1. So what is the relative contact order for chain A, in percent, with contacts set as C-alpha pairs under 8 Å and at least six apart?
2. For a label point 7 Å from the Cα of A:Ala190 along Cα→C-beta, name the residues of segment A:301-321 whose backbone N is under 19 Å from it.
3. Go through segment B:96-133 and flag every residue whose accessible area shrinks by 30 Å² or more with all protein chains in place compared to the isolated chain (probe 1.4 Å).
4. Percent of Cα-Cα pairs more than 15 Å apart in segment B:8-84, please.
5. Does the protein assembly as shown come out rounded, prolate or oblate by the C-alpha gyration tensor, with a ≥ b ≥ c the root eigenvalues, rounded set by a/c under 1.5 and, if not, prolate when a/b is larger than b/c and oblate if not?
6. Taking a probe of 1.4 Å, how large is the accessible area per residue of the protein assembly as shown, in Å²?
7. Ignoring ligands, DNA and RNA, please state the percent of accessible area on segment A:694-768 from carbon and sulfur, probe 1.4 Å.
8. Please report the relative contact order for segment A:561-660, taking Cα pairs under 8 Å with a sequence separation of at least 6, and give it as a percent rounded to a whole number.
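The values are calculated or read from the model by the stated rules, or taken from the named source; none is laboratory data. Keep in mind that what you see is a predicted model, and the values were worked out from it rather than measured. Heads up, the Cβs are rebuilt from the backbone with ideal geometry, glycines too, and the neighbour counts pull from every protein chain shown. Calculation scope for accessible area: heavy atoms of the full protein, side chains included, ligands and nucleic acids excluded. Shrake-Rupley method; radii C 1.70, N 1.55, O 1.52, S 1.80 Å.
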Amino acid sequence: MPVPDVAGSVAPGTAAAAVAGGASPSSRAARGLLGAAVARKDGPAKILGEARYVDDLVLPGMLHGATVRTRAAGGILERIEFGSGIDWDSFVVVTAADVPGINATQMIEQDQPVLAEHRFRHAGEPVLLLAHADRGLLREAVEAVTLHERADPSPVFSIDDALALRGEVVPGNVYRDYLMSRGDLAAGEAAAEVFFEGRFETGAQEHVYIEPQGMIAYVDAAGVLVVEGSLQCPYYVLGTLTAVTGRDAGSVRVVHCTTGGGFGGKEDYPSQLAAHAALLTLKAGGRPVKLVYDRAEDMLATPKRHPSRTLVRIGAGRDGRLCFLDVDFVLDGGAYTTLSPVVLSRGVIHAPGAYACANARVRGRAVATSHPPNGAFRGFGAPQSIFAIEQAMDGLAEALGMSPLELRRMNMLRPGDRSVPGQTIDATTDFDAVLDQALHESGYLEKRDAFAEFNAANAAAGRPLRRGIGLATFHHGAGFTGNGEVVLASEARVRANVDGCVEVVASSSEMGQGSTTTLCQIVASALGLPLERVSQAPVDTHDVPDSGPTVASRTCMVVGLIVEQAARLLRAELIQKAGLPASGADEHAFAAACARYLDGHPRLEAQARYEPPANVQWDETVFEGSPYASYAWAAYVAEVEIDLATCEVALSGFTAVQEVGKVVNPVIAAGQVEGGVVQGIGFALFEKVAWGNTGTMANNRLTNYIIPTTADIPPVQVFFQEQPGGIGPAGAKGLGELPMDGPGPAILSAVNFALGTRISSLPVMPEDVMAALSAHALRVAA
Amino acid sequence: MIPAPDLAFTLNGRTVSTVDGSIGAPSMRLLDLLRLHAGQTGTKEGCGEGECGACAVLVDGELVNSCLVPVGQLHGCTVTSIEGLPRVDPLVTAFARAGAAQCGICTPGMVLAARALLDRVPQPTLDDVREALAGNLCRCTGYARIYTAVLDAATDAGPGKAGGR
Ligand code: FES
Ligand code: FES
């Protein structure tokens, strides 16, 4: 396994040269810390209600902010009318005219204004910001503002309409058009004997982090603009703030508050929200302004998972060996580019699934519509394209008269195979073992037969219950796609204090995924210290370096590797300069060495930078190469029970087996999988965004957008296999997004098994079951 | 003008009343009394309309969503929010051990929902737990670790185990 390089330096500002590595630590406390089910560091404060989230903060003289948004689905803003009966002088009022710098969120493109000025592209676009100390008056004032809009005549609300140019949001309606092509498609088609063609769709999905988005901004005594809030990517926010305010990074600070869930939803939008809070405080002379959304505004205005439609043509020889694969994958990007190009590229790369196929073509497009922009959501395009290929594999299996299991077994990637993107599968991969365990733990084969018998008997007796079982096999690449990690060149530091306490200094943001604990475990292990001696420094851009955004299942694997290396450098420095024994030193010896070192040096810290392994080479222009340093592999089995009388689908069992390299903390890892699986169950069976007639979410309340509750979720069985193949610490791989990929296809397969239907879109609501049953009845009758 | 009748109740062991000004208008939501007036921010607002349970507290031992309760309804009641839960409650340890809090925003409400259950049913089954927590949404955990924590807390506090280890 090639090892990535991590460049390092010790204590910038000291004369010391870096010495790589050191003898391995041998303290008993640290031994076995990687892989230990230690309790989360953030547990007690959260359980006791002591952790402070942004809405819990109250600053002296604080104002509350509110946002006035467009109503039409794109158009021209002609005039803002401030109604009578409001003492407008008592309000802080901000419009686009108050933006001192660039009026655009700094993402891949700069097409999204922070505040719309003239032309706007969707309903719910921010136009005007208000702040006041009294929240009641603030609500009245928002109501008293009228935006005079000239609505676009033909907004675009679907992928098909965008492609057919029934209305144009941007010229041509396509943000990106990617092509990944391998082998000879025509030759593959000529060789194929059995074919399947299908169209698959997935809907938008709302993140429903239980803490809505929020920020507080103020100008401190030193004149620095400080923005604190609920966010995943402090340096993204900083980038937008410096551009929007025209300030340099030294006079803007971004601070991460305890964050009540993100799942990708707090990747790009917080930049927008932070800019709003910043503009208000700057207009208010630096007075603190809190801007926290209520649930309805959060659901209306913030990004969702991209809706998708995928056309798949696939063919195999009679033996089931894949001959060709042709995928046309389209994502609904909404009205601005935001993150759609990178969501699309991950979707395209994962579109062939975890199967070998010599002749393949994947075309991927992200299109513009008049919906608010869609964005990052756990899985980032992969759940959509993996859903389509998995369903197509089921369809092909049926056409072949083979079981879905046999077809997968025949084509799954094994060591030495080249994946469609062009990556050689490494020797540690054992996808068969993952599949075997999933079959065994779920009792797949026995249940498949038993459920078929049960359904036949119930049908014969006129009883309404049906049972189904479905399988999905897949992999998920960890870290930024392609050259993303090269561009990021993430950095992190480890710092020791005079008492021997150590801090992880990184921009990685804890939002529930457990990164603080896992990063501390990694550093404590590398330094031979008990976990209590290591903490994560507050994430504040004036202290922490840019370790990259907290996304893409990269924190444990990539940032973990960086902090591990930094810890080794720090230890080597102490051995060399402060007499730390090279082996057998406990935390007291470590503290003594820190004290000696700091007697003669201003500080004790080491910094390292990530450099991806040499084999991760990716050519973005032709989508060829090795897009990810590590893949996690999984096989998921879903069991459902359906009552034909109510058409309700109940999940009766779920088994998730995955190979994720070294499991750094089994409790945290299992929690990530369980949580991801349940979000996937919601995606499959519960969560349907209803679009209003101006293209915003109409069911933007928790009363009518339903996420799974305890009543819906039986215990999910989770199993890990650990192969030493990951590039992260001790062989760890990223795993946070993986569990989002499997539930959708596995559950739909189970539903179609139970009913004998061919439902091809998610979510499957009772009305979809009903419609499919009538279509099926017609087909059978015909 | 007829003065509003006096209103008093117990909040985390302390008496609050309109007499001493520790309660404002009777129409104020209990959630706002806790968060804005008492500065006890362990109770969270996730939806403001009774759907998520992040704001759940105990009123006379019953689980209620504090975003739906005007303080005027609480005369003579005993209100316990997470700040009033003993730090040594077996649920606190069990949640920590099981990794049942991820982002933590649902956790105070979830712990109180579990407390209400265990007070009623000291040795619950998994189905009891699933039913008792069905009004509390968690988007992070998928609930599995929460089930484990509640069942563990019940075992820890159970008659066979108390003081036995
Ligand atoms: S905030 Fe009260 S139930 Fe959601
Ligand atoms: S732990 Fe995040 S919502 Fe429950």
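1. Computed over chain A, the figure is 18 percent.
2. Under 19 Å, as judged by backbone N against the label point of A:Ala190, lie A:314-318 of segment A:301-321.
3. Going by heavy-atom accessible area, the residues of segment B:96-133 that drop by at least 30 Å² are B:Ala96, B:Ala101, B:Gln102, B:Cys103, B:Ile105, B:Arg130.
4. 47
5. Rounded is the answer for the protein assembly as shown, as its axis ratio a/c remains below 1.5.
6. Per-residue value: 34 Å².
7. Carbon plus sulfur share of accessible area: 49 percent.
8. 19
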